[in-house]
1. Given that just one value was derived from the coordinates, which of [x] 56, 24, 20; [y] 39, 33, 29; [z] 38, 32, 18 is Cα extents along the principal axes in Å?
2. Using alpha carbons only, how many degrees (0 to 90, rounded to 10) separate the axis of helix 2-12 from the longest principal axis of the chain?
3. Dipole of the chain, Cα-centred, from +1 at each Lys and Arg C-beta and -1 at each Asp and Glu C-beta, to the nearest 20 debye?
4. For the chain, modelled as a Gaussian network with Cα springs under 10 Å, which listed residue fluctuates most, Ala29, Ala42, Ala88?
5. Using amide H atoms built in the peptide plane, which far-off residues or other-chain residues are under 5 Å from Asn63 H to H?
6. Let me make sure I get this right: for region 1-49, a, b and c are the square roots of the gyration tensor eigenvalues over alpha carbons, sorted descending. Under 1.5 in a/c it's rounded, otherwise prolate if a/b > b/c, else oblate. Which is it?
Amino acid sequence: HVRLEYDPLFRKHGVDLVISGHQHNYQRATVQNSDGNAITYAIVGGAGGTLDLRQVEDWKMYNSTYLGHHFVSLTIDDSKLEWSAYNASGSVIDEFRIER
């Protein structure tokens, strides 16, 4: 839903990162556009409660999927964003960087 309806708007306005929840798991995808620009989509929904042990619709786009409890830490410095996702034990499950 988000990708179909909002992706053109995100691209038009230069959005680099879309963070959403609701699905109770972790999924992250970086999708390249034909012009070389990319948008990273992240679902962060495993901080507590009952987990969803399935993916949302399989767009064949996910770089990382984790079906356990997790949390995310962001570091933003000038034109750089560093993202680290951790499982409940504190081990890294995913990392990426966006630079402008």
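Read-outs: derived from the displayed coordinates by stated rules, not from any lab. Everything numeric in this text was worked out from a predicted model, so none of it was measured. Cβ placement follows ideal geometry from the backbone for every residue including glycine, while neighbour counts extend to all protein chains displayed.
1. [z]
2. 40
3. For this selection, approximately 120 debye.
4. Ala88
5. The list, which skips near neighbours in sequence, is Arg28, Ala29, Thr30.
6. Judged from the Cα gyration tensor, region 1-49 comes out prolate (a/c at least 1.5, a/b above b/c).
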